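A short worksheet on the structure shown next.
The values are calculated or read from the model by the stated rules, or taken from the named source; none is laboratory data. It should be emphasised that the depicted structure is a prediction, and the values quoted were computed from it without experimental measurement. Glycine also receives a Cβ, built like all others from the backbone with ideal geometry; neighbour counts cover every protein chain displayed. For accessibility, only protein heavy atoms count, side chains too; no ligands or nucleic acids. Shrake-Rupley method; radii C 1.70, N 1.55, O 1.52, S 1.80 Å.
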Amino acid sequence: MSEAVFHLTDRITLIPVIHGSGDMAIEVRRRLLAGDFDCLAVPLPENFQSAVESAVVELPRIAAVVQRERREDWSNASGFDGSGEETDDSPDDMGRVSSVPIDPCQPVIAALRWALEERLPRAFIDLPTNAYRAESITTPDAYALKLVAHSRFSAAVLPTIPLPRQPLHWRRIAYMASRLHELARFHQRIVVLCAYWEWPWLRDAFRAVSPQATQADAATAIDWTGLDREPDDVEPVRAYPVAPRTYQFALGELPFITGLYERARSELEADENLSIDGVKELLLAAREKYQATHGKRARTFTPQVLRLYLKYVRNLSLIERRFTPDLYTLITAARQIMGDQFAIALAETSREYPVSAEAASHLVDEQAIEFGVDRALLPDGDVVRVDNRLAGPPLVWRSLQLNTRPTRAEQQKWDMQWNPYMQCSWPPEDAVIERFRTHLKDKALALLGTDLARTEKFTSSLMDGLDIRETLRNWHTGELYVKNCPPARGHLDCVAMLFDSPADPRDYPWRTTWIAEHHDESTLALFATDFHSELVGPGIGVATYGGALFLFPPRPVVDIWTDPRLDFTTTLEERLLAGGCLNSTGRYVAVLSDAPPGAGFRRMAKRFGKKLIHIPLAHFSAQMVQQLRLVHVLNGRQVRSYAARFIRKA
């Protein structure tokens, strides 16, 4: 398809657009800058012009121009469509309005913004009506315009465009066609924007209502010349700022992405690929928000994890037959790869509208309109149905269950109901950390055996295998050397885990000793963050280990945090290790920490007749350690019956 199909005459160029698309807005801007036009015509009624242009000047403040609909006009846009089937627009007790969102990513708004800056004449050519019903069609992803010419893109859309379903839209198209004929008398180069579903019928109507129309031009599917093209007696329109917390219902793109387009505009940065690069910036901003919210409990998302996430998002988008991801795809992938809490941070960040401080001062207004799903709350308190005059492709609203963070009021309520005499652990976490304790014990015994290993000259047995290094070192002698690893002597029943060393006592106010509930659990002494400050459910708190001491087999011991025999210690880690050395029956104590135990710790262990075996914390992944550090505290065993509904992994 050549570009000639967009020319109604040598004076009028028609540009079909996808409303609410940032990529399409960039394509429209490119075509406007490439052309030499003296008039811009947009598919909005003339009575909207003053309010819309005033609101466009106020950008980046997001606004909506609203026109109320009289109840007696409902029948003009409801009833039966062109196919003879009844529509779903039956009157009810709720009022209706038609709105024009002043959205920087709307191609029509972007074109008006450009025309106002260039002092180009503007014409609002749509039919003024009180009753309006939004209509749209499913179109390909506008991101394809990065590589495909607009004419070829339009050729792919053309076979899918149906006839307008409602008689109101037939009247609108006929009226716009006649208005274009009027404009052609005064302007030489007119550029016209319209929705894709209006494009072929506007071209058809333009030829049919022309005074020079031939019989072939008039032989169309719709009798355009016989339609009523008289404007209605319309209600006045008014512009309202949109409440910032409802931007996602008013804008075509995500509010965060829209803000990036505005920032690129103000800072003269490139914005041609923001529909993709903006997703990456959104991801990084969500990571910062997540880390600021969860602090030390936050997981570390490496570039490899982010790369895996973006690859998964791409695959999900292709399954949905899209080039760019929608919000549902982004949050679904975040939930499955990074967890519920990061998905919540991503959803909250996507609703933010990052603009400059000067622009942000104009965003809050008491007379703001609040949007919802096809609904709006007007400043006067009326809840109305909303018909968008610049409606994009049909939206599908899908639900996704996330384990949200409780409100501060809920946490205060649960804290007041907490019984201080009842505490127990969460069994699935017990099983995980007990397996890890067993692994550390086995690893420590293996290290102990390694220290006792020696190399001997081969005589009659290979013993524990050939020592390649020593054999090569003595290659000139022709002798073979073997390893002799005798079994480790001694007993190891104590494992200390120092996750944060040196530990600040102010960060870890909760210090306790738990007795095992059954023979498969260890006696546990720990210092951790205050679980009362992080209640995730009724009777459920979560804390982060700073350090933990495990004695297995379990035995009753004096609470190490109140034992006067350990008062010589000065730090949390020192008291924890001293408690382990005091209560251990074996000769060795395994210590998991970032750095090897210092000379002070070793002298203290020697005082109790013990020897410390160090296991580096770096041998284990950060994700694994982060998960192990979480401990959920339940306010009684009865809480275990419903705790799974509130407990999620880190």
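Things worth noting here:
- Given (1) at pLDDT 90 or above; (2) buried (at least 17 other Cβ atoms within 10 Å of the Cβ), index of the condition residue 189 fails: (2)
- Single unsatisfied condition, residue 484 versus (1) in contact (Cβ under 8 Å) with a residue 24 or more places away in the chain; (2) out of contact with any Ser or Thr (no Cβ under 6 Å at 6 or more places or on another chain); (3) within 19 Å of residue 543 (Cα to Cα): (3)
- Being of a type outside the set (Asp, Glu), modelled with pLDDT of 90 or more and in contact with a strand residue (DSSP E or B) (Cβ under 9 Å, 6 or more places away or on another chain) holds for only one residue in 344, 319, 369, and it is 369.
- Scanning the range 558-586 for residues that are under 12 Å from residue 493 (Cβ atoms) and in contact with a Leu (Cβ under 8 Å, 6 or more places away or on another chain) yields a count of 4.
- Residues of the range 270-290 that are assigned to a helix (DSSP H, G or I) and either modelled with pLDDT under 90 or among the aliphatic types (A, V, I, L, M) (or both): 274, 276, 279, 282, 283, 284, 285, 286.
- Selection count where residues are over 17 Å from residue 106 (Cβ atoms) and open to solvent by 30 Å² or more (accessible area, probe 1.4 Å), scope the range 238-253: 3
A quick yes/no check of all residues on (1) of a type outside the set (A, V, I, L, M); (2) assigned to a loop (DSSP other than H, G, I, E, B); (3) modelled with pLDDT under 90:
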position	(1), (2), (3)
171	yes, no, yes
178	yes, no, no
182	yes, no, no
185	yes, yes, no
205	no, no, yes
210	yes, yes, yes
217	yes, no, yes
230	yes, yes, yes
238	yes, no, no
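- For the range 163-177, residues that are under 14 Å from residue 42 (Cα atoms) and out of contact with any Asp or Glu (no Cβ under 9 Å at 6 or more places or on another chain) total 0.
- When residue 560 is tested against (1) outside any loop (DSSP other than H, G, I, E, B); (2) open to solvent by less than 10 Å² (accessible area, probe 1.4 Å); (3) out of contact with any Pro (no Cβ under 9 Å at 6 or more places or on another chain); (4) β-branched (Val, Ile, Thr), only condition (1) is not met.
- Counting only residues that are over 54 Å from the mean Cα position of the chain (by Cα), surrounded by 12 or more Cβ atoms within 10 Å (Cβ to Cβ) and aliphatic (A, V, I, L, M), the range 470-523 holds 2 of them.
- Residue in the range 634-643 that is closer than 30 Å to residue 336 by Cβ, among the basic types (Lys, Arg) and at pLDDT below 90 present: no
- So residue 311, is it part of a helix (DSSP H, G or I), touching a strand residue (DSSP E or B) at 6+ places or on another chain (Cβ under 8 Å) and either open to solvent by 50 Å² or more (accessible area, probe 1.4 Å) or hydroxyl-bearing (Ser, Thr, Tyr) (or both): no
- Flag: residue 349 matches the condition of being open to solvent by less than 20 Å² (accessible area, probe 1.4 Å) and either farther than 23 Å from residue 628 by Cβ or at pLDDT below 90 (or both).
- Which numbered condition residue 23 misses (of (1) surrounded by fewer than 21 Cβ atoms within 10 Å (Cβ to Cβ); (2) modelled with pLDDT of 90 or more; (3) touching a helix residue (DSSP H, G or I) at 6+ places or on another chain (Cβ under 8 Å)): (1)
- Restricting attention to the range 128-143, the residues that are modelled with pLDDT under 90 and closer than 30 Å to residue 70 by Cβ add up to 9.
- Each residue in the range 411-432 was checked for being assigned to a helix (DSSP H, G or I) and in contact with a strand residue (DSSP E or B) (Cβ under 8 Å, 6 or more places away or on another chain), and 4 of them qualify.
- As a summary of the residue check, residue 300 satisfies the conditions (1) hydroxyl-bearing (Ser, Thr, Tyr); (2) under 14 Å from the mean Cα position of the chain (by Cα); (3) open to solvent by 60 Å² or more (accessible area, probe 1.4 Å) except for the one numbered (2).
- In the range 435-482, residue modelled with the lowest pLDDT [restricted to those that are among the polar types (S, T, N, Q) and not in a loop (DSSP other than H, G, I, E, B)]: 450
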